[in-house]
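Here the structure is laid out as structure tokens; the discussion comes afterwards.
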Amino acid sequence: MKSFLALTRRELGVYFVSPMAYIILTAVLVISGLVFVSTMRAATANQEPVDYRSTLQWIMMVVILTTPLVTMRLIAEERKQGTLEIILTAPISDAAFVLAKFAAAMVLLGYLLILTVGYLVIISRYGPVDAGAAACGYLGLFLVGGVLYSIGLFISSLCSSQITAGVITFCISVMLIMATYALPQVVDTSLIRPFLAYIDLTVNFSDFLKGVVDRTRLVYLVSVISFVLFLTTRVVDSRRWR
Amino acid sequence: MIEVSNLTKTYPGVTAVDDLSFKVGKGEIVGFLGPNGAGKSTTMRILTCFIAPTSGSAKLAGFDVLEQSMEVRRRVGYLPESNALYTEMRVEEYLLFRARLRDIAPKERAARVGETLEKVRLTDRRRSIIAHLSKGLRQRVGIADAILHRPEIVILDEPTIGLDPTQVRDVRELIKGLGEAHTVLFSSHILSEVEKICGRVLILSKGRLAASGTPEEIANKLMKTGNVRIEIRGDGRAIKAAIEKVAGVVRTLWSSKGDMNTYIVEPSNGVDLRPALVRACTAGGWDVYELGYERLSLEEAFSILTAPEKGAAS
């Protein structure tokens, strides 16, 4: 546990000592801010109330963009620079190592999401914002982000090049968001439609947006995160049996 | 302290370590010697639980590297060949982080880090960012990390690689100092290095143990069948003829300076020519000034031991 905390702290240190975290957070605020202003403008032009849900949806898109940036270096960099060797020859379990990486990424995600609460505060001055539903939406964002970040971490554990890890992570993230929307345009998906709806993160997220915490969705997202983190641990461990 | 038996590690198509067995006792400083690709680093990575052996076993401080990996890791300090460090951190900050990973009690950490910095003479650089340090100083940070938790066993992979002669001497002194409190296994391909620090040398070639012993023992073992060097004053040609008559002499090389002659005499396998040569000289009335085996340096012993077998397909 102590080593887990020490590793998480160092990992956060890397984000916040280097300009990386600030660049990511700034980019997120600039992009989401632009989107926010344009949706506000569009809504007032049409004389409609601004819906906070569309803002949260946009924030999810931005979270997808951050996924490769936040996760690609996590393990790939250690592998490339050889620091994996000094960490994994210290008395630290592979699981603690992987969990610390994930925890640090999730702290960054939490930080990022907190920064966007400001938009809802502004909206609440012009229209009704259901605080409960909004909190639910944020829980959804956090969990969907968790799925994406855990996948990013897993890909990073497979690669020794950060760029490769980043590109693959980005592709997978986009696919998971567009599964129900894009695939049926190209192939006949009538057979796997329920399956696609099950794995599609946008579909998963839309329930949270309605202010409903559906138990199956919750279990699904949490188990995906756990399973992917387990796989990552196995990959890190594989150096011992390969 | 270190017990390795029948250790084998194979990668697809390559046998990096081949049925390796050796023991290192408590407080010993043992040098691990071999050309590049001999399996030194692989063995060290197995001993430090970074990778697992294909077969065979290794025990450190009584704990098995596979079964009791955490116990082994607690008792071993390791400097990998790459000496990879988190270069964005400051020296002291890095060591404090490592102290936390090593589960050193919070109250003790600062004192322990200070003491270790003193030991590797980095106290004045403790606020420097590791990326800004020279290679030699970084190497010291790596060594500090390896001894921070006062491990029973210290494993150093090529600790002097890429350093300038002064830094090499510094690191050598440091390792010598470690021998007092720790069991040290360190690898190198610089022989003079090993000769100066180690009580014992293990020579590795193609994943196998080619020789083990003190530097002198190894050289001696090789010299058993070696050539005899003898210096005799007198008529060179006559002496050469007399030497060649001695039973067991295969070949004689002769060089002279004035009336002082030096002969290198090659015996047939396993024959000690020295007494017979002296008798021959006494019989001829010549004075022997010097007699001995031609001295083989560790360097030469090493190249003989690790040379690819003649005629073997490469």
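Of all residues in the stretch B:68-82, those satisfying the criterion of being surrounded by fewer than 23 Cβ atoms within 10 Å (Cβ to Cβ) and in contact (Cβ under 8 Å) with a residue 12 or more places away in the chain are B:Ser69, B:Arg74, B:Arg75, B:Glu81.
Taking the listed residues B:Ala144, B:Ala131, the one that is out of contact with any strand residue (DSSP E or B) (no Cβ under 6 Å at 6 or more places or on another chain), surrounded by fewer than 16 Cβ atoms within 10 Å (Cβ to Cβ) and among the hydrophobic types (A, V, I, L, M, F, W, C) is B:Ala131, with no other qualifying. Can you confirm whether the stretch B:13-22 contains a residue that is surrounded by fewer than 16 Cβ atoms within 10 Å (Cβ to Cβ), away from chain A (no Cβ under 14 Å) and part of a loop (DSSP other than H, G, I, E, B)? For the stretch B:13-22, residues surrounded by fewer than 16 Cβ atoms within 10 Å (Cβ to Cβ), away from chain A (no Cβ under 14 Å) and part of a loop (DSSP other than H, G, I, E, B): absent. Residue-level analysis places A:Leu7 among those that are surrounded by 15 or more Cβ atoms within 10 Å (Cβ to Cβ), within 14 Å of chain B (Cβ to nearest Cβ) and hydrophobic (A, V, I, L, M, F, W, C). Would you be able to say whether some residue in the stretch A:61-83 is within 14 Å of chain B (Cβ to nearest Cβ), in contact (Cβ under 8 Å) with a residue 24 or more places away in the chain and either within 19 Å of A:Val203 (Cβ to Cβ) or of a type in the set (Asp, Glu) (or both)? Taking every residue of the stretch A:61-83 in turn, at least one turns out to be within 14 Å of chain B (Cβ to nearest Cβ), in contact (Cβ under 8 Å) with a residue 24 or more places away in the chain and either within 19 Å of A:Val203 (Cβ to Cβ) or of a type in the set (Asp, Glu) (or both). Inclusion of B:Leu95 among residues that are touching a helix residue (DSSP H, G or I) at 6+ places or on another chain (Cβ under 7 Å) and modelled with pLDDT of 90 or more is warranted. Within the stretch B:238-258, the residues that satisfy the criterion of being of a type outside the set (Ser, Thr, Tyr), under 37 Å from the mean Cα position of the chain (by Cα) and over 17 Å from B:Asn269 (Cβ atoms) are B:Leu253, B:Trp254.
When you check A:Ala43 against the structure, is it crowded, with 16+ Cβ neighbours inside 10 Å and either more than 14 Å from every other protein chain (Cβ to nearest Cβ) or charged (D, E, K, R) (or both), yes or no? Judged against the criteria, A:Ala43 is a match. Residues that are more than 30 Å from A:Ser206 (Cβ to Cβ), at pLDDT 90 or above, within 14 Å of another protein chain (Cβ to nearest Cβ) and buried (at least 18 other Cβ atoms within 10 Å of the Cβ) occur in the stretch A:98-110; there is at least one.
The values are calculated or read from the model by the stated rules, or taken from the named source; none is laboratory data. These numbers come from a predicted model, not from an experiment. Every residue, glycine among them, receives a Cβ derived from its backbone with ideal geometry; neighbour counts consider all protein chains shown.
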